[in-house]
Structure formats: C-alpha cells, structure tokens
Amino acid sequence: MSGKRKKHALSGVFVGLVGLLCALVLGALFYGTMVYQLAGEEGEQQRAQAHAAATPAPIAEGTPVEALFPGALLALDPACAQETGAAAQDVRVGGAVCRVVTRSYTLADGSTARALSATPAAYLERLTGSGVQMQLITGYVLADMDALCVVEGATSILAARDGDFIYMIETEAGGQTLYALGAAAVLEQQP
C-alpha cells in the first residue's frame, strides 16, 4: 500500500507541476499580449500626434507665411535677389495635399526667381510630368544640400529634399545664375 500511495503522491505532484507550468505559460502569453496591445496603442497615438504636428495650420488671410509652414523656409540671398512677395497655398499632387510657400524675387538683371518650400515629399511628383527634362549635370547645391537641375520649358528648376521637405528655385535665368542662386540660398529656421 505504501508503494501505491507513493505512486499516487508522485502523480499528484506531477499533475500539480504541469498545472503550474501551464498557468505560468498562459500568464506570460496574457501579459505579452497586453504589453503588445498597449505598445500598439501608444504607437498609434504618437503617429497621430506627429501627423498633427506636421500638418500645417490652415491658411488664413493676413497670417505671415512663416507661420503657415511647419519647417524651415528657403530664402535667396538678399545680395543676389530682392524679395517682392510671398504666398502660401495647398496643392494636390499625386493624391497628397502639399503645403507650398512661394517667395518671389527680382534678380539684379531684372529677371525673376521663385523660392519654393513644400511638404510632404509627394510634391516631388510635380517634376515627373511631360515636358520635364532632368539635367545630367552634377554639382548643384541648394542651401548646402545636394540638388538636381530640371528644365521645364523655359524654366530652370533646382530641387533638393530634406526628409519630408522639398526645396526648389525656379527661374527663367540661365544655368550659371541658377547655380549661384542655389549656392547662396539659405534655410531660415522658424521659431
């Protein structure tokens, strides 16, 4: 009888250990699932907050363009160009609504130039239309960023990307003028 009791006691201990092990595994799975769900919710909240921060304020008349753009604005060097105006607009490009701030300038030779700051980066799709020719010339810079040169009809465009921000200079002036404008351009950080 003592052997039978011993066997019964060992099987009871074994069943108890298996039950404890199952409870621990189920507890770990439950805990892991809860942590994963909470992390996902926090990630969604962070993405929503980042999107809200990156979404520009609605365009209101009288608001300075600096307050309407969520990043740095492209500006031409006052020694090269005289600013004549600035405007902000929302443009649909490739399924995205892009905020574009355009600063207009008059150059010393009387020609005009425009400095564009745009977000999101979908604005680059604007340069993929017909009549746009990428130039194979390298070495262009725009406000210390590597840039590419594009010709669209009579307009020469210098374009650079910094994350989700697109910066462009558009002018009818020649390539050397475009190169000089890009090299002297600056990004003005907003407060």
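So if I take the centroid of the Cα atoms in the stretch 144-191 and the same for the stretch 68-106, what is the distance between those two points in Å?
When both Cα centres are located, 11 Å separates them.
If Asp162, Asp109 are ordered by their accessible area, calculated over protein heavy atoms with a 1.4 Å probe, which sequence runs from highest to lowest?
My answer, sorted largest first, is Asp109, Asp162.
Across the stretch 88-105, in residue order, what do the Karplus-derived ³J(HN,Hα) couplings come to in whole Hz, using 6.51 cos²θ - 1.76 cosθ + 1.60 with θ = phi - 60° and x for Gly and Pro?
Result, rounded to whole Hz: 10, 8, 9, 10, 8, 9, x, x, 10, 8, 10, 8, 10, 10, 10, 9, 9, 9.
With each label point set 7 Å from Cα along the Cα-Cβ vector, what nm distance links Arg92 and Ala183?
So the two model labels end up 4.2 nm from each other.
Read phi for every residue in the stretch 179-185 and hand back ³J(HN,Hα) as whole Hz from Karplus 6.51 cos²θ - 1.76 cosθ + 1.60, θ = phi - 60°, with x for Gly and Pro.
Once θ is set to phi - 60°, the couplings for the stretch 179-185 become 4, 5, 5, x, 5, 8, 5 Hz.
Subtracting the Cα-Cα distance from 0.36 nm times the residue separation, let me have the gained length for Asp109 to Thr84 in nm, one decimal.
7.5 nm
Please list 3J(HN,Hα) in residue order for the stretch 81-87, calculated via the Karplus relation 6.51 cos²θ - 1.76 cosθ + 1.60 where θ = phi - 60°; whole Hz, with x for glycine and proline.
8, 9, 5, 10, x, 8, 8
The values are calculated or read from the model by the stated rules, or taken from the named source; none is laboratory data. If you're wondering where the values come from, they're calculated on a predicted model, not measured in any experiment. All Cβ positions, glycine included, derive from the backbone under ideal geometry; neighbour counts span all protein chains shown. Only protein heavy atoms, including side chains, enter the accessible area calculation; ligands, DNA and RNA are left aside. Shrake-Rupley method; radii C 1.70, N 1.55, O 1.52, S 1.80 Å.
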